[in-house]
Structures are given as structure tokens and as C-alpha cells.
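Pasting a structure below so you can have a look.
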Amino acid sequence: MYKSVIIGTGPAGLTAAIYLARANLKPLVIEGPQPGGQLTTTTEVENFPGFVDGIMGPELMDNMRKQAERFGADFRMGWVNSIEFGERPFKLNVEGLGEIVTDTVILSTGATAKYLGIPGEEENVGRGVSTCATCDGFFFRNKEIVVVGGGDSALEEANFLTRFASKVTLIHRRNELRASKIMQDRARANDKIEWALNRTPLEVVADEQGVTGIKVRNNETGNEEIIEARGIFVAIGHHPNTEFLGGKITTDPNGYIMTTPGTTETNIQGVFACGDVQDTRYRQAITAAGSGCMAAMDAEKYIESLEHGEVVL
Ligand code: NAP
């Protein structure tokens with residue numbers, strides 16, 4: 001029996017783990033298939049305060065994990081199939097760990113990369129289609145690459161991929177980019193990046209060896225064209241990992257968990273949410289970490305009132 005179980009180990013979950021462990025509440029932290037979360041698929045993090053020269057994403061996450069372990073957080077690999085929210089304490093059905101019983105649950109399961117959903121894409125994942133430049137960029141040394149998307153992720157990936165590629169073409173469905181000015185300026189200054197704006201991706205084209213290009217529609221002329229590339233990196237955002245909640249936790253229409261404004265409380269007392277799984281606005285490592293701290297403090301307060309018999313369910 002645990003006082004608190006944290007699901008997910010991105011900056012939100014790990015910060016919650018540091019706070020709860022330091023409060024001597026010995027949280028169980030369940031790590032999913034991508035320990036460390038999205039930051040383990042990025043390169044250098046330049047905007048996390050405290051690192052003058054930046055820090056590599058995986059190193060930052062590794063440090064946070066060690067910090068939580070130092071105070072007694074219990075890390076286990078597992079996959080949460082379902083949670084019985086109707087009973088107290090809560091019962092979690094976890095593949096790899098069995099049944100776990102806990103007073104509070106902190107949901108920090110983050111978000112997963114979206115795909116375009118166009119013909120040829122799914123069957124070519126691993127044959128040229130990727131959502132992770134840091135993982136797969138290396139395979140495209142001196143090859144032409146396409147990055148799809150107009151946000152910070154797309155521009156960051158495009159910049160990073162110019163280390164390997166002979167050329168990177170950025171395809172975006174509109175003329176205006178969504179990315180921040182600094183990322184735009186950096187990409188514009190990179191002469192290995194070409195721009196294919198106002199183009200809608202239609203189909204991934206491939207042969208027996210893998211991807212050869214992507215068919216797009218030019219939204220100005222209506223013409224279809226093929227942009228040749230051996231690698232297609234899709235960077236069009238993420239969707240929240242909330243399917244396992246079985247609809248018991250209130251979400252917005254896109255699946256993001258809704259919390260009481262100014263807190264991390266969900267619609268069920270004793271269940272808290274932090275990080276990208278509940279954030280449609282900021283989605284930064286530092287805001288995720290901040291909300292993880294809030295969730296830990298909310299959970300701590302709830303556990304205290306539970307122990308004093310003050311909770312009315
Ligand atoms: P995002 O800001 O939501 O941008 C997604 C991009 O993909 C948009 O340009 C969107 O086009 C495009 N898109 C979405 N669905 C598409 C589809 N089906 N077909 C074609 N294009 C599609 O996502 P993100 O870039 O992953 O960034 C998420 C958050 O993380 C942001 O808050 C960002 O600031 C942050 N981030 C920060 C950094 C950094 O500070 N270094 C790095 C990476 C990410 P439209 O513009 O037309 O909607």
C-alpha cells in the first residue's frame with residue numbers, strides 16, 4: 001500500500017517524485033516505455049533555468065531521477081492498464097507489477113508524437129519515416145531529409161538534422177510558422193534548410209529500399225508535387241496519453257486532463273495531474289516541472305487531511 005503513486009517520468013513526474021520523496025512519503029514511480037519522457041528524444045535544452053551553457057535532455061532527466069532516488073522514491077517499470085477510481089484506496093492494474101494500492105495518484109503520462117495519417121506513412125515508420133530526429137537523424141548522413149510541421153519542434157529538428165543531411169526541406173501547411181522568433185531566425189540563417197511552405201502532405205512515397213519522397217499539394221496553385229527525400233521527420237505536435245483512464249477523469253475534447261484552475265486537482269479527489277497531459281498552453285520542461293511540484297504539494301495536503309479524517313468523499 002502506497003500513499004502516492006506517480007505515473008510517468010518526464011519532468012513533471014520526476015519533480016513530483018523529488019518533492020514527495022523529500023516529504024518522506026516514499027512514492028512509487030511507474031516508468032512507462034519511454035523513461036524520462038519527451039526530453040530524452042531532444043538534444044540540447046537551452047531554456048531550463050540554471051544551466052548557463054544548456055544541458056542535454058537525457059542528462060537532465062537522468063539527474064532528476066537520481067535526485068528523486070536519493071530521497072527514497074521507488075522506481076519500477078510497468079504499464080498501467082486501468083485504475084479503479086470508484087474505490088478507496090485506489091487500485092491500479094499494472095502490467096509487470098500486478099495490483100497496486102494507493103491513497104493518491106499523480107498522472108504525469110505526458111503526450112506522444114502525432115503522425116500525419118496519410119497513405120504510405122505507417123508502413124514506412126522505421127524505413128525513413130520518424131518522429132525523433134535525435135534517435136534517427138544519424139541514419140541519414142549526406143541524404144536529403146524532409147521535416148513536416150511549423151512549430152518549435154519542427155524547426156528544432158530541422159536545424160539538428162542539418163548536422164547529418166545534405167539538405168533539409170521544411171514542409172508546412174501554411175505560410176506563417178507557429179514557431180518562436182528565435183527558432184525561426186536560427187532556421188532562416190541555416191543555408192542547408194529549404195522552405196516548402198503552404199504545402200499539404202498527401203502521401204509518403206517509397207520503394208523497396210524505403211522512403212524516396214513525399215507527395216504534397218501546393219495550396220497556392222493546387223498542383224501536386226513530389227519532394228524527394230530519404231527521411232521524413234514528422235514534427236506536428238503530440239496527443240495526451242490518457243486512454244488508460246477509461247473516460248473516468250474529465251478531459252477536454254482533445255483528451256487533455258482538466259484540472260481545477262490554479263491547482264492540479266482532477267474531478268476525482270486524491271487524483272492529480274501535471275505536465276503535458278494537462279497542458280494545452282505552455283508545454284515546456286520548466287512548466288511541467290513546476291506543475292509536478294504543485295501536484296506533489298496538492299497530494300501531500302490531501303494525504304494529511306486523509307490522515308486527520310478530514311476528507312469527505
Ligand atoms: P505545435 O506548436 O503544436 O506545432 C505543431 C505544428 O504542426 C503546427 O505548425 C501545425 O500547423 C502543424 N500540424 C499539426 N497537425 C498537422 C497536420 N495534420 N498536417 C500538417 N501539419 C500539421 O507543436 P510542437 O512544435 O511540437 O511544440 C509543442 C510545444 O513545445 C510548444 O509550446 C513549443 O513552444 C514547445 N517546444 C519548445 C521548444 C524550445 O523552446 N526549444 C522546442 C520544441 C517544442 P499549424 O501551425 O497550421 O497549426
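The values are calculated or read from the model by the stated rules, or taken from the named source; none is laboratory data. All values derive from a computational prediction rather than experimental measurement. So basically every Cβ, Gly included, is an ideal-geometry build from the backbone, and we count neighbours across all protein chains shown. Just so you know, the surface numbers come from the protein's heavy atoms only, side chains and all, with ligands and any DNA or RNA stripped out. Shrake-Rupley method; radii C 1.70, N 1.55, O 1.52, S 1.80 Å.
Looking at segment 1-27, which of its residues are surrounded by fewer than 23 Cβ atoms within 10 Å (Cβ to Cβ) and out of contact with any helix residue (DSSP H, G or I) (no Cβ under 6 Å at 6 or more places or on another chain)?
If the condition is that a residue be surrounded by fewer than 23 Cβ atoms within 10 Å (Cβ to Cβ) and out of contact with any helix residue (DSSP H, G or I) (no Cβ under 6 Å at 6 or more places or on another chain), then Met1, Tyr2, Arg22, Asn24, Leu25, Lys26 are the ones that fit.
To continue, here is another question. Right, Thr287: among the polar types (S, T, N, Q), surrounded by fewer than 18 Cβ atoms within 10 Å (Cβ to Cβ), assigned to a helix (DSSP H, G or I) and assigned by TED's automatic domain parsing to the domain that holds Ala73 or not? Talk me through it step by step, then tell me what you get.
Values: among the polar types (S, T, N, Q): yes; surrounded by fewer than 18 Cβ atoms within 10 Å (Cβ to Cβ): yes; assigned to a helix (DSSP H, G or I): yes; assigned by TED's automatic domain parsing to the domain that holds Ala73: yes.
Against the criterion (among the polar types (S, T, N, Q), surrounded by fewer than 18 Cβ atoms within 10 Å (Cβ to Cβ), assigned to a helix (DSSP H, G or I) and assigned by TED's automatic domain parsing to the domain that holds Ala73), Thr287 qualifies.
Does Pro89 qualify as being closer than 30 Å to Ile182 by Cα and either without any contact (Cβ under 8 Å) to a residue 12 or more places away in the chain or open to solvent by 30 Å² or more (accessible area, probe 1.4 Å) (or both)?
Taking the combined requirement at face value, the residue does not satisfy it.
Additional query: When segment 221-238 is examined, which residues are found to be at pLDDT below 95 and either over 27 Å from the mean Cα position of the chain (by Cα) or exposed (fewer than 15 other Cβ atoms within 10 Å of the Cβ) (or both)?
Selection gives Gly237 alone.
Hey, Tyr256 hits all of (1) within 16 Å of the ligand (Cβ to nearest atom); (2) crowded, with 17+ Cβ neighbours inside 10 Å; (3) farther than 19 Å from Gly292 by Cα but one; which does it fall short on?
That leaves (3) as the condition not met.
Check Gly117, Gly128, Gly98 and return the single one that is farther than 30 Å from Leu14 by Cα and without any contact (Cβ under 8 Å) to a residue 24 or more places away in the chain.
Gly117
Identify the residue in segment 113-127 that is at pLDDT below 95 and touching a Phe, Trp or Tyr at 6+ places or on another chain (Cβ under 9 Å) and, among all such residues, is nearest to Arg163 (Cα to Cα).
Val125
In segment 141-160, what residues are in a helix (DSSP H, G or I) and over 9 Å from Ile193 (Cβ atoms)?
Asp152, Ser153, Ala154, Glu156, Glu157, Phe160
Take Ala113 and tell me if it is within 15 Å of the ligand (Cβ to nearest atom), touching a strand residue (DSSP E or B) at 6+ places or on another chain (Cβ under 9 Å) and within 22 Å of Gly37 (Cβ to Cβ).
yes
Next question, about the same structure. Out of segment 161-179, which residues are touching a Leu at 6+ places or on another chain (Cβ under 6 Å), assigned to a loop (DSSP other than H, G, I, E, B) and open to solvent by less than 20 Å² (accessible area, probe 1.4 Å)? I'd like the intermediate steps shown before the answer.
At the first step, the residues of segment 161-179 found to be touching a Leu at 6+ places or on another chain (Cβ under 6 Å) are 168, 172, 175, 179.
Checking the rest, the ones that are also assigned to a loop (DSSP other than H, G, I, E, B) come to 172, 175, 179.
If the condition is that a residue be touching a Leu at 6+ places or on another chain (Cβ under 6 Å), assigned to a loop (DSSP other than H, G, I, E, B) and open to solvent by less than 20 Å² (accessible area, probe 1.4 Å), then His172, Ala179 are the ones that fit.
Something else now. Identify all residues within segment 258-273 that are of a type in the set (A, V, I, L, M, F, W, C) and in contact with an Asp or Glu (Cβ under 9 Å, 6 or more places away or on another chain); write none if there are none. Write out each step before concluding.
Let us first name the residues in segment 258-273 that are of a type in the set (A, V, I, L, M, F, W, C), namely 258, 268, 271-273.
Of everything in segment 258-273, those that are of a type in the set (A, V, I, L, M, F, W, C) and in contact with an Asp or Glu (Cβ under 9 Å, 6 or more places away or on another chain) turn out to be Met258, Val271, Phe272, Ala273.
Across segment 150-205, what is the total count of residues that are within 20 Å of Tyr115 (Cα to Cα), out of contact with any helix residue (DSSP H, G or I) (no Cβ under 8 Å at 6 or more places or on another chain) and acidic (Asp, Glu)?
Here the count works out to 1.
Are there any pairs, at least 6 apart or on different chains, whose C-beta atoms fall under 6 Å, with the first in segment 196-209 and in contact (Cβ under 8 Å) with a residue 60 or more places away in the chain and the second part of a strand (DSSP E or B) and among the polar types (S, T, N, Q), and if so, which?
Taking only residues 6 or more apart or on different chains, the pairs are Val205/Thr212; Ala206/Thr212.
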